[in-house]
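J.: This is the structure I want to talk about, given as structure tokens.
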Amino acid sequence: MTSRNGRIALITGGVIALILGGVWAGQGINLIPGSFMTGSRMWLSIGLIIAIVGIILIALGLRRPGPRPHEQVRLQLSRA
């Protein structure tokens, strides 16, 4: 993702997914009581999957974009 807005969207979505996944996983293993999700292995699994997706989105958003194709040609020509 090279546009600033796209990178911000990936990071924001990743943070939201990471927080939701953490809460759901916490409810699934009885760390956060008081819900129908408390103590349910299904919500532990769902929470872990969502949290992993969030980490991947954050990593993609923070990753530095590589050089554009026309810049690669310039770099190769300048090295020759």
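The values are calculated or read from the model by the stated rules, or taken from the named source; none is laboratory data. Fair warning: this is a prediction, and the values are worked out from it, not measured in the lab. Quick reminder, even Gly has a Cβ in these numbers, built from the backbone with ideal geometry, and neighbours come from all protein chains shown.
J.: Within segment 39-51, is there a residue that is among the aromatic types (Phe, Trp, Tyr), in contact with a Gly (Cβ under 8 Å, 6 or more places away or on another chain) and modelled with pLDDT under 95?
T.: Yes, segment 39-51 has at least one match.
J.: So is residue 58 of a type in the set (A, V, I, L, M), farther than 30 Å from residue 3 by Cα and modelled with pLDDT of 85 or more or not? So that I can check it myself, show each step before the final result.
T.: Details: of a type in the set (A, V, I, L, M): yes; farther than 30 Å from residue 3 by Cα: no; modelled with pLDDT of 85 or more: yes.
Considered against the rule, which asks whether it is of a type in the set (A, V, I, L, M), farther than 30 Å from residue 3 by Cα and modelled with pLDDT of 85 or more, residue 58 comes out as no.
J.: Here are some conditions: (1) part of a helix (DSSP H, G or I); (2) of a type in the set (Val, Ile, Thr); (3) without any contact (Cβ under 8 Å) to a residue 24 or more places away in the chain. Residue 32 meets all but one. Which one does it not meet?
T.: Unmet for residue 32, out of (1) part of a helix (DSSP H, G or I); (2) of a type in the set (Val, Ile, Thr); (3) without any contact (Cβ under 8 Å) to a residue 24 or more places away in the chain: (1).
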